[in-house]
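A.B. asks: Quick one: this structure, given as structure tokens, is what I'll be asking you about.
The values are calculated or read from the model by the stated rules, or taken from the named source; none is laboratory data. Source: prediction; values computed, not measured. All Cβ positions, glycine included, derive from the backbone under ideal geometry; neighbour counts span all protein chains shown. Heads up: the accessible areas ignore ligands, DNA and RNA and are worked out on the full protein's heavy atoms, side chains in. Shrake-Rupley method; radii C 1.70, N 1.55, O 1.52, S 1.80 Å.
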Amino acid sequence: MRGVVGIEIEDKFDVPPDYAIPDLSGLADVVGPKSHQLVALYYDTPDLRLAARGVTLRRRRGGHDPGWHLKLPKAKGVRQEITHPLTRSTKIVPLELVELVRAYTRGAELQPVAELDTRRSITVLLDGDTKLVEIADDRVKGTVFQDEPKVVRWREVEAELLAEDRRAFLAKVGKRLRKAGATPSEAASKLAKLLEPAPLPKAPTEPGTAGEVVVAYLAGQVGAVLSQDPRVRRAEEDAVHQMRVAARRLRSALKAFKSVVTDTGPLQDELRWLGTVLGEARDLEVIRARFAKELAGLQPELVTGPIQTRLGADLHKREQEAYARIKDTLSSDRYYTLLNALDQLVSAPHLGKAAAKSAQDKLAAIAAANWARVTNAYDTAQAIEDPERREIAMHDVRKAAKRARYTAEALQPTLGASMAKLAKLAEDIQEILGAHQDGVVAQETLAKEAESARQAGEDTFTYGLLIGIERSTAERAHAEFPRVWAETLKAVKKVL
């Protein structure tokens, strides 16, 4: 995609019509003001699905950055901005941007919904040649397109950070603006101030209950899935991993809190499907990086044959093919149906009797029960005499530990430090079992690649070296596990 990506960090303020920008020369060098006329046409679905999620998509003329701008929320006051060159048509949104909002539009048509005509006065604060903050003093005329167009006028001030490492300076600027009479804006954007999208439905839970805590956590993970969707489509770094983790956390929570939110079996199945699709590319990415690091650690004379091509370019090609399958999945009806089901989960979940109980009492018991699943899985595995079957059963211990970890992390804001400790202990078990499992899988992958190399008449010496390294890694983790397990059991007794 051609779009340029940036992070927008800014503070917005409402100001009266006669507001005067205070003297800022004591904070930094001041350049400006310089005036611009900006005309922006905003696009959304007829029912304002983008605006409801804090997403803005516009075509803007004027100023120093005319073009198409897509802004995606990341945190309060922080948005990811993706730009695209200005096109002639005002009716057709560039396909690249249409793709990036499909998780929100889900097939609904994009159309112009509003126009903002802004007279902007810009002042820039500098430290030598370094631009620190840009202050935009905007007088805005907003028009909402409806049967009877609605026109609204207002004035606002934005302070945008230009040097990411100077957030403290942005806070100083904000303090000076507030002292002069500006008040922090509750609207995330100009469009949010102009439009009135229907608020996202909220589940009918009571404060302080298990239902409130669990549904809030689920809502956060659903939001994480949605926020990663555009990043996955752009193949941004770590995006597939973060989306996969959010899907796994959701599925784990639905299992752990099944007495609080009920009847989620089909949804769990669909989350497993999404995680599997995402996992193919992620696993290839991880193992390719793993082999590259191991090869880089070998003496050059020990690297023989075209092994770097097989374990680098060939695996990368398979990874790109997996990415293509992900993109197909993210544009499928099945995926949109899943997203609709996740919205339903957050807005109108099936609540069990446990949802009405005290969060402190009920959720602490659930955390303890999920740790008990770990110890039960361990006891079951250790009772198996056959070593190979026992190792397979230990994978269930790892999965149980991951679920116990995710559950504790979900409950940490409510139950406090004890859950943070439990999550860390469960993670220790998950990681050491994972180190063993990853070493075993890597050996299997290397053996397959070595066989292909052997059939092609290539030198396979280095494959043997790498298999030895991976075997050593797996055996070391296997040998350390009894000590880690014993220490963890003692520590958990002090927590639960």
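A.B. asks: Specify which of the listed residues (V303, V346) is open to solvent by less than 80 Å² (accessible area, probe 1.4 Å) and within 30 Å of F461 (Cβ to Cβ).
C.D. replies: Details: V346 fails: within 30 Å of F461 (Cβ to Cβ).
Selected residue: V303, the only one of V303, V346 that is open to solvent by less than 80 Å² (accessible area, probe 1.4 Å) and within 30 Å of F461 (Cβ to Cβ).
A.B. asks: Can you tell me which residues in region 256-276 are crowded, with 20+ Cβ neighbours inside 10 Å and within 30 Å of R310 (Cα to Cα)?
C.D. replies: Of everything in region 256-276, just one residue is crowded, with 20+ Cβ neighbours inside 10 Å and within 30 Å of R310 (Cα to Cα), namely L274.
A.B. asks: If a residue must be part of a helix (DSSP H, G or I) and open to solvent by less than 50 Å² (accessible area, probe 1.4 Å), how many such residues does region 455-485 contain?
C.D. replies: Of all residues in region 455-485, those part of a helix (DSSP H, G or I) come to 455, 461-485.
Right, trim to open to solvent by less than 50 Å² (accessible area, probe 1.4 Å) and you get 462-464, 466-468, 470, 473-474, 477, 481, 484-485.
So the answer is 13.
A.B. asks: Starting from region 1-18, keep only residues that are among the basic types (K, R) and open to solvent by less than 60 Å² (accessible area, probe 1.4 Å), then list their pairs with residues that are part of a strand (DSSP E or B) and modelled with pLDDT of 75 or more whose Cβ atoms are within a distance under 9 Å, requiring at least 6 positions of separation or different chains.
C.D. replies: K12/E156; K12/V157; K12/E158; K12/A159; K12/P184
A.B. asks: In this structure, is P149 modelled with pLDDT of 85 or more, open to solvent by less than 100 Å² (accessible area, probe 1.4 Å) and more than 14 Å from I9 (Cβ to Cβ)?
C.D. replies: Working: modelled with pLDDT of 85 or more: yes; open to solvent by less than 100 Å² (accessible area, probe 1.4 Å): yes; more than 14 Å from I9 (Cβ to Cβ): yes.
Against the criterion (modelled with pLDDT of 85 or more, open to solvent by less than 100 Å² (accessible area, probe 1.4 Å) and more than 14 Å from I9 (Cβ to Cβ)), P149 qualifies.
A.B. asks: Just to be sure, is R167 closer than 25 Å to R79 by Cα, open to solvent by 40 Å² or more (accessible area, probe 1.4 Å) and either at pLDDT below 95 or touching an Asp or Glu at 6+ places or on another chain (Cβ under 9 Å) (or both)?
C.D. replies: Numbers: closer than 25 Å to R79 by Cα: yes; open to solvent by 40 Å² or more (accessible area, probe 1.4 Å): yes; either at pLDDT below 95 or touching an Asp or Glu at 6+ places or on another chain (Cβ under 9 Å) (or both): yes.
Judged against the criteria, R167 is a match.
A.B. asks: Sort out which residues of region 178-194 are surrounded by 18 or more Cβ atoms within 10 Å (Cβ to Cβ) and out of contact with any strand residue (DSSP E or B) (no Cβ under 6 Å at 6 or more places or on another chain), and write them in order of number.
C.D. replies: Restricting attention to region 178-194, the residues satisfying the condition of being surrounded by 18 or more Cβ atoms within 10 Å (Cβ to Cβ) are 182, 185, 188-191, 193-194.
Matches in region 178-194: A188, K193.
A.B. asks: Please specify each residue of region 462-486 satisfying the condition of being touching a Gly at 6+ places or on another chain (Cβ under 9 Å) and within 21 Å of L298 (Cβ to Cβ).
C.D. replies: T462, Y463, I469, E470, R471, S472, T473, A474, E475, R476
A.B. asks: For region 278-303, enumerate the residues that are of a type in the set (G, A, S) and in a helix (DSSP H, G or I).
C.D. replies: We begin by selecting, within region 278-303, every residue of a type in the set (G, A, S); these are 279, 281, 289, 292, 296-297.
Correct list: G279, A281, A289, A292, A296.
Yes or no, residue by residue, for (1) assigned to a loop (DSSP other than H, G, I, E, B); (2) touching a residue at least 12 places away in the same chain (Cβ under 8 Å); (3) within 26 Å of the chain's Cα centre (by Cα); (4) on the phi < 0 side of the Ramachandran plot:
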{"position": "V133", "(1), (2), (3), (4)": "no, yes, no, yes"}
{"position": "R153", "(1), (2), (3), (4)": "no, yes, no, yes"}
{"position": "E160", "(1), (2), (3), (4)": "no, yes, yes, yes"}
{"position": "R176", "(1), (2), (3), (4)": "no, yes, no, yes"}
{"position": "L191", "(1), (2), (3), (4)": "no, yes, yes, yes"}
{"position": "E206", "(1), (2), (3), (4)": "yes, yes, no, yes"}
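A.B. asks: Within region 378-398, track down each residue that is over 31 Å from the mean Cα position of the chain (by Cα), crowded, with 16+ Cβ neighbours inside 10 Å and of a type in the set (A, V, I, L, M).
C.D. replies: The answer is A381, A393.
A.B. asks: Another question, then. Taking region 211-255, which residues are of a type in the set (V, I, T) and surrounded by 23 or more Cβ atoms within 10 Å (Cβ to Cβ)? Give the steps one after another, and end with the answer.
C.D. replies: Of all residues in region 211-255, those of a type in the set (V, I, T) come to 213-215, 222, 225, 232, 240, 245.
Those that are of a type in the set (V, I, T) and surrounded by 23 or more Cβ atoms within 10 Å (Cβ to Cβ): V213, V214, V215, V225, V232, V240.
A.B. asks: Related question: Does region 443-454 contain any residue that is under 17 Å from A377 (Cβ atoms), assigned to a helix (DSSP H, G or I) and not aromatic (F, W, Y)?
C.D. replies: The answer is no, given that none of the residues of region 443-454 is under 17 Å from A377 (Cβ atoms), assigned to a helix (DSSP H, G or I) and not aromatic (F, W, Y).
A.B. asks: Go through region 331-343 and give me each residue that's without any contact (Cβ under 8 Å) to a residue 12 or more places away in the chain and open to solvent by less than 40 Å² (accessible area, probe 1.4 Å).
C.D. replies: Hit for region 331-343 is S332, nothing else.
A.B. asks: Restricting to region 384-442, name every residue that is assigned to a helix (DSSP H, G or I) and of a type in the set (V, I, T). I'd like the intermediate steps shown before the answer.
C.D. replies: As a first pass, look at region 384-442 and keep what is assigned to a helix (DSSP H, G or I): 387-415, 417-442.
Answer for region 384-442, where residues must be assigned to a helix (DSSP H, G or I) and of a type in the set (V, I, T): I392, V397, T407, T414, I429, I432, V440, V441.
A.B. asks: For region 287-330, name all the residues that are over 29 Å from R106 (Cα atoms), β-branched (V, I, T) and in contact (Cβ under 8 Å) with a residue 12 or more places away in the chain.
C.D. replies: As a first pass, look at region 287-330 and keep what is over 29 Å from R106 (Cα atoms): 287-317.
From what's left, β-branched (V, I, T): 287, 303-304, 307, 309.
If the condition is that a residue be over 29 Å from R106 (Cα atoms), β-branched (V, I, T) and in contact (Cβ under 8 Å) with a residue 12 or more places away in the chain, then I287, V303, T304, I307 are the ones that fit.
A.B. asks: Hey, can you tell me all the residues within region 306-330 that are open to solvent by 50 Å² or more (accessible area, probe 1.4 Å) and outside any helix (DSSP H, G or I)?
C.D. replies: Passing the criteria: only P306.
A.B. asks: Turning to a different aspect of this structure: Scan region 414-439 for residues that are in contact (Cβ under 8 Å) with a residue 40 or more places away in the chain and either of a type in the set (S, T, Y) or surrounded by fewer than 18 Cβ atoms within 10 Å (Cβ to Cβ) (or both) and jot them down.
C.D. replies: Those that are in contact (Cβ under 8 Å) with a residue 40 or more places away in the chain and either of a type in the set (S, T, Y) or surrounded by fewer than 18 Cβ atoms within 10 Å (Cβ to Cβ) (or both): T414, S418, K421, D428, A435, Q437.
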